[in-house]
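Below is one structure, written out as structure tokens; the observations come after it.
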Amino acid sequence: MSCFCLENVSYKYDKALVLNGVDLRLEPGEILGLFGHNGAGKTTSIKLILGLMTPSQGKVSVLDGEAGDPKISQHIGYLPENVMFYPQLTGREILAHFARLKGANLRQVPELLGQVGLDDAMDTRVKTYSKGMRQRLGLAQALLGKPRLLMLDEPTVGLDPVATADLYRLLRKLRDEGTGIVLCSHVLPGVEPYIDRAAILTEGSLKAVGDLASLRRQANMPTTLSIEPESTVAALESVVNNAKASAGLMMRHDNGRLHVDVRPAEKMALVKALMASGEVRDLGIYQPTLEDVYVHFIGSGGLAHRGGAQ
Amino acid sequence: MNSIWTIARKELSDSLRNRWLIAIAIVFATLAVGIAWFGAAASGQVGYASTPATIASLASLGIFLIPLIALLLAYDAIVGEEEGGTLLLLMTYPLSRGQLLFGKFLGHGLTLALATLIGFGVAGVAIALLVEDVAVGALAIAMFRFIVSTTLLGWSFIALAYVVSVRVSEKPVAAGLALAIWFFFVLIFDLMLLGTLVASQGEFNPELLPWLLLLNPTDIYRLLNIVTFSDSAQLSGVLSLGADLPIGPSGLWLALVLWFVIPLTGAWALFRSRRI
């Protein structure tokens, strides 16, 4: 059973193609990062999985059922971007209302409020809540009824670093218990350590899917070696030059260190040659980050290309 | 059914919390007691006129007040949820659009029914206790009929407000349209009917004209509460048309019920096709 499965899904909004032939699936016990600029189709994909809309083409199946079926929605937790609640109700009242709608046990309400750190605020009205507190309440709402598929749109907005770390710890725990989780975020360095796979969307089509290692391979981006020389930078440079230097090798130095960009396939050969030369006092290896990979796939077309604010 | 009740329950507790229910009930009770007390003022004395006269006065006031209150209560039912950002979230729950709409209707409908029952019920009890030699049985029946028809009238305007609320995307627009609905049914409609009557010098199809009254829930309400009491000689304006209607009170009741069933069904159909 997969948590959801999109097969060749397209969606048209007033003739404009918002999603174009997307294939994507999520298995239980997996955290998928869904990335893309504003208007790339992230929210549309999520809405299709939630059954709020039906695809113009293709097939969407969720938890072995049909998207939007009440029996299925009961097992999905969703945190929308900029979540809002009834301002005149207290946190506890709101969560109880949503718990009743979801058919979840009301005993979960104080439990979840405690889990997201709203113990002290659960009986004050939501209109006095800060952005971060609303976000936590939204999170508690998404966790009602122990969902098997959890979709979080920008879950860390407004959260302080400690709360953010708590959130990711919680998500990891849920994943280990078998929940499938989709994480949309613009804070790429923040989510990088926590996602199992990433999917990158641009203009409605899927540019790349896979774990970070395979994305790096697909992108074929250089790894950077930062080397501190034993004697002089010049001596190091000649070692690098002699070590079967090939295309794509780039060197620059600052602060007495030498930085070498090397293709992933040639990295180990160069490292071995450096070690053998005895010219290396210290060596740092920097792999391309999720952000680098993302920029590579999106293309750096500037802000205008990204179609929105932020 | 459970989700419908969950939504209704929230609406009901909202109207208790923001004191809508109690405010409406107090307004109704004050009006009813006031009219009962000063009902005979037109004839130069203070005191209880008669049960039919009191109900007729109450109904005349109710025609202005009930639609307004119902529209105010309900105009933001759906558009308010959307502007507040909760509609999207609700729709991801195991809750259909129909369940949300009918739950809202149940909540708002109960609010209005309770306010009517409490407000006019208290007034009825006060009249029965304080006015000497009033026929309590007749008063009870008249009050009961008045309360039920008032509730139905309120429901029809709640349903009309929903038609607006599921269609528009901004609250101020919904409020404006709700006011337009009030204006049309309470003020314009009868004028148009009278105008047609006068302009055609009575030549306008006399068979059809009385039926046109059924196109306005406030006229049905008026007919139910005023015509059934008085001799048709006392009727004025378009109401005299009602005396020509070949359907009895049960037909009028049915028409009033249809007046909330049909708009509510329409609102449901519109809501289902709305893009979220």
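The values are calculated or read from the model by the stated rules, or taken from the named source; none is laboratory data. Please read all numbers here as calculations on a predicted model, not as lab measurements. Note that each Cβ is placed from the backbone with ideal geometry, even for glycine, and that neighbours are counted across all protein chains shown. Protein only, heavy atoms only, side chains kept; ligands, DNA and RNA dropped before computing areas. Shrake-Rupley method; radii C 1.70, N 1.55, O 1.52, S 1.80 Å.
A few notes on this one:
- Candidate set from the stretch A:67-93 (those that are of a type in the set (Val, Ile, Thr) and surrounded by fewer than 24 Cβ atoms within 10 Å (Cβ to Cβ)); member that is nearest to the other protein chains (Cβ to nearest Cβ): A:72
- Among the numbered conditions (1) more than 27 Å from residue B:99 (Cβ to Cβ); (2) not in a loop (DSSP other than H, G, I, E, B); (3) not hydrophobic (A, V, I, L, M, F, W, C), the only one that residue A:43 does not meet is (1).
- If only residues of the stretch B:43-71 that are under 12 Å from the mean Cα position of the chain (by Cα) and over 15 Å from residue B:226 (Cβ atoms) are counted, the one that is surrounded by the fewest Cβ atoms within 10 Å (Cβ to Cβ) is B:68.
- Residue B:115 being small (Gly, Ala, Ser), open to solvent by less than 20 Å² (accessible area, probe 1.4 Å) and either within 14 Å of another protein chain (Cβ to nearest Cβ) or not in a loop (DSSP other than H, G, I, E, B) (or both): yes
- Where residue A:284 falls short, out of the listed (1) open to solvent by less than 30 Å² (accessible area, probe 1.4 Å); (2) part of a helix (DSSP H, G or I): (2)
- Residue A:198 without any contact (Cβ under 8 Å) to a residue 40 or more places away in the chain, of a type in the set (Gly, Ala, Ser) and more than 14 Å from chain B (Cβ to nearest Cβ): no
- In the stretch B:75-112, the residues that are among the hydroxyl-bearing types (Ser, Thr, Tyr), at the interface with another protein chain (Cβ under 9 Å from one of its Cβ atoms) and within 16 Å of residue B:268 (Cα to Cα): B:96
- Pairs where the first residue, in the stretch A:46-66, is more than 13 Å from chain B (Cβ to nearest Cβ) and the second is open to solvent by 20 Å² or more (accessible area, probe 1.4 Å) and not in a strand (DSSP E or B), C-beta under 6 Å, 6+ apart: A:60/A:67; A:64/A:1
- Within the stretch A:223-244, being of a type outside the set (Val, Ile, Thr), modelled with pLDDT of 85 or more and buried (at least 19 other Cβ atoms within 10 Å of the Cβ) holds for A:225, A:229.
- Qualifying residue in the stretch B:242-251 (condition: surrounded by 17 or more Cβ atoms within 10 Å (Cβ to Cβ), within 22 Å of residue B:143 (Cα to Cα) and at pLDDT below 95): yes
- The condition (being within 26 Å of residue B:26 (Cα to Cα), assigned to a helix (DSSP H, G or I), at pLDDT 95 or above and open to solvent by less than 40 Å² (accessible area, probe 1.4 Å)) is satisfied by just one residue among B:178, B:126: B:178.
- In the set (1) buried (at least 18 other Cβ atoms within 10 Å of the Cβ); (2) closer than 30 Å to residue A:100 by Cβ, the condition left unmet by residue A:176 is number (1).
- Residue list for the stretch B:1-16, filter: more than 8 Å from chain A (Cβ to nearest Cβ) and among the small types (Gly, Ala, Ser): B:8, B:13, B:15
- Out of A:107, A:134, sole residue that is among the charged types (D, E, K, R), open to solvent by less than 70 Å² (accessible area, probe 1.4 Å) and more than 9 Å from every other protein chain (Cβ to nearest Cβ): A:134
- Hits in the stretch A:195-218 - residues which are crowded, with 18+ Cβ neighbours inside 10 Å and over 27 Å from residue A:58 (Cβ atoms): A:212, A:216
- Residue A:20 vs. criteria open to solvent by 50 Å² or more (accessible area, probe 1.4 Å) and closer than 25 Å to residue A:139 by Cα: no
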